[in-house]
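Novice: This is the structure I want to talk about, given as structure tokens.
The values are calculated or read from the model by the stated rules, or taken from the named source; none is laboratory data. None of the values given here were measured: they were computed from a predicted structure. Don't worry about glycine lacking a Cβ; one is built from the backbone with ideal geometry, like all the others, and counts go over all protein chains shown.
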Amino acid sequence: MSLRIIDHKKVEMTTDEWNLYEKICRSYDEANFKGSDLFSDLFESDDAGIIIFLKPPSTKRTSFEVYLFMMSLMQHQHLRMMHNQIDDVCAQVKAKLEELNK
């Protein structure tokens with residue numbers, strides 16, 4: 001995972017997620033429009049780059065594809081955090097069991 005910048009905000013993403021983001025942006029690029037502008041004002045993220053709030057697009061134009069990508073990214077980030085927490089708890093339980101079996 002690495003921190004990337006989308007709409008002047010930190011976002012934690014895998015390389016595959018970043019590549020998909022760039023592909024989506026390029027697909028909407030036009031002479032007078034950058035595809036990355038479709039991601040403007042859609043979300044809030046914390047200092048760790050985790051999306052904490054996804055806003056409905058109400059002030060600017062965006063696409064359904066962009067919004068679904070952001071929903072998916074937010075869900076993946078939170079699933080990764082939950083997996084890490086479970087792995088940590090399992091490691092603690094394993095260490096405790098090994099300690100008790102001595």
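Novice: Residues being surrounded by 10 or more Cβ atoms within 10 Å (Cβ to Cβ) and within 25 Å of ILE24 (Cβ to Cβ): count how many of those fall in region 62-99.
Specialist: Final tally of qualifying residues: 19.
Yes/no per residue for (1) free of Cβ contacts under 8 Å to residues at least 12 places away in the same chain; (2) not aliphatic (A, V, I, L, M):
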site: VAL11; (1), (2): no, no
site: PHE53; (1), (2): yes, yes
site: MET71; (1), (2): no, no
site: GLN77; (1), (2): no, yes
site: ILE86; (1), (2): yes, no
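Novice: For region 70-91, state whether one or more residues are at pLDDT 95 or above and touching a Phe, Trp or Tyr at 6+ places or on another chain (Cβ under 7 Å).
Specialist: Checked region 70-91: at least one residue is at pLDDT 95 or above and touching a Phe, Trp or Tyr at 6+ places or on another chain (Cβ under 7 Å).
Novice: Separate question: Which of (1) outside any helix (DSSP H, G or I); (2) among the charged types (D, E, K, R); (3) over 11 Å from the mean Cα position of the chain (by Cα) is the odd one out, the single condition GLU44 does not satisfy?
Specialist: Against the list (1) outside any helix (DSSP H, G or I); (2) among the charged types (D, E, K, R); (3) over 11 Å from the mean Cα position of the chain (by Cα), GLU44 comes up short only on (3).
Novice: To continue, here is another question. From VAL11, VAL89, VAL66, VAL93, which residue is among the hydrophobic types (A, V, I, L, M, F, W, C) and outside any helix (DSSP H, G or I)?
Specialist: Every option except VAL11 fails the conditions.
Novice: Turning to a different aspect of this structure: In region 14-41, what count of residues is obtained for those that are part of a loop (DSSP other than H, G, I, E, B), hydrophobic (A, V, I, L, M, F, W, C) and either under 11 Å from LEU73 (Cβ atoms) or touching a Phe, Trp or Tyr at 6+ places or on another chain (Cβ under 9 Å) (or both)?
Specialist: 0
Novice: Quick one: is SER58 more than 15 Å from the chain's Cα centre (by Cα), under 20 Å from ASP7 (Cα atoms) and loosely packed, with under 10 Cβ neighbours inside 10 Å?
Specialist: Here the answer is yes, as SER58 does meet what is asked.
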